[in-house]
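J.: Sharing a structure with you now.
The values are calculated or read from the model by the stated rules, or taken from the named source; none is laboratory data. As the structure is a prediction and not an experimental result, all values here were calculated from the model. Positions of Cβ are generated from backbone atoms using ideal geometry, with glycine treated the same way; all protein chains shown enter the neighbour counts.
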Amino acid sequence: METFEEVEPQKKRPVFLTVLGILTFINSGFGLLGALMSYLAGPASSDEIEDYLALNMKNIEQIRGEGMDGFADTMEKMINSIQYSNDAHFLSTTLNLAISALAIAGVIMMFRGQKAGFHLYIIGCLLRISSFYFYTPAAEVSGMMVGYFTFTSLLFIFMYSRNLKWLK
């Protein structure tokens, strides 16, 4: 008498996970390239920073003159954070490189069906949200930038979490 064993077929990767992964590869790939190019270029010179600040401070004063003080304050914080980022060029670039690499590694692991990739991706998102605080005083960090990165990180974490049942 013959016995038949039920062989569980390998479940295919969900299409939604593939789409999210491709979007993450594109975004984080540009992040990796940008960080590598930033390493090669080095920090901006003091003259370049002064020119950038002068141009943008002129724009900020114009915005203040139009009565949009809140928007001008936000722009000023963003400009200051660029200066802090330049002052700590190699730290900020290394953080950006690590964050992009964590996201890519996490997605590769999720593509292989490993749940640990989801956790690695979350660590990268948390670093992305908090990375500004490593080299910028807390009072100078733009709430708009932190809010944007928090929103997009939570959105992608939520969308990736819809695929957890496929991951092991």
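J.: Given region 33-120, what helices (runs of 4 or more DSSP H) lie entirely inside it while holding 3 or more residues that are within 18 Å of the chain's Cα centre (by Cα) and of a type in the set (K, R)?
T.: Working: elements: 46-65, 69-87, 89-111.
Fully inside region 33-120 and qualifying: nothing.
J.: Just checking, how many residues over region 132-168 are polar (S, T, N, Q) and free of Cβ contacts under 8 Å to residues at least 24 places away in the same chain?
T.: Result for region 132-168: 2.
J.: Only one of (1) under 25 Å from V141 (Cβ atoms); (2) surrounded by 14 or more Cβ atoms within 10 Å (Cβ to Cβ); (3) basic (K, R) is not met by K58, so which one is it?
T.: (2)
J.: Can you pull out the residues in region 31-55 that are of a type in the set (S, T, N, Q) and exposed (fewer than 14 other Cβ atoms within 10 Å of the Cβ)?
T.: Within region 31-55, S45, S46 qualify.
J.: Counting only residues that are hydroxyl-bearing (S, T, Y) and in contact with a helix residue (DSSP H, G or I) (Cβ under 8 Å, 6 or more places away or on another chain), which one in region 103-144 is farthest from A88 (Cα to Cα)?
T.: Ranking the candidates gives Y121 first.
J.: Tell me which residues, restricted to region 90-107, are within 9 Å of L32 (Cβ to Cβ) and either in contact with a His (Cβ under 9 Å, 6 or more places away or on another chain) or surrounded by 20 or more Cβ atoms within 10 Å (Cβ to Cβ) (or both). Even if it seems obvious, please write down each step before you answer.
T.: Our first condition is that a residue be within 9 Å of L32 (Cβ to Cβ); within region 90-107, this holds for 96-97, 100-101, 104.
N96, S100, I104, listed by residue number.
J.: If I ask for residues that are at pLDDT 95 or above, of a type in the set (S, T, N, Q) and within 20 Å of W166 (Cα to Cα), which ones from region 1-50 would you list?
T.: Passing the criteria: T18, T24.
J.: Applying the selection to region 121-156, what residues are part of a helix (DSSP H, G or I), over 14 Å from L102 (Cα atoms) and among the aliphatic types (A, V, I, L, M)?
T.: Matches in region 121-156: A138, A139, M144, M145, V146, L154, L155.
J.: Return yes or no: is K11 among the basic types (K, R), in contact (Cβ under 8 Å) with a residue 12 or more places away in the chain, surrounded by 15 or more Cβ atoms within 10 Å (Cβ to Cβ) and out of contact with any Phe, Trp or Tyr (no Cβ under 6 Å at 6 or more places or on another chain)?
T.: Judged against the criteria, K11 is not a match.
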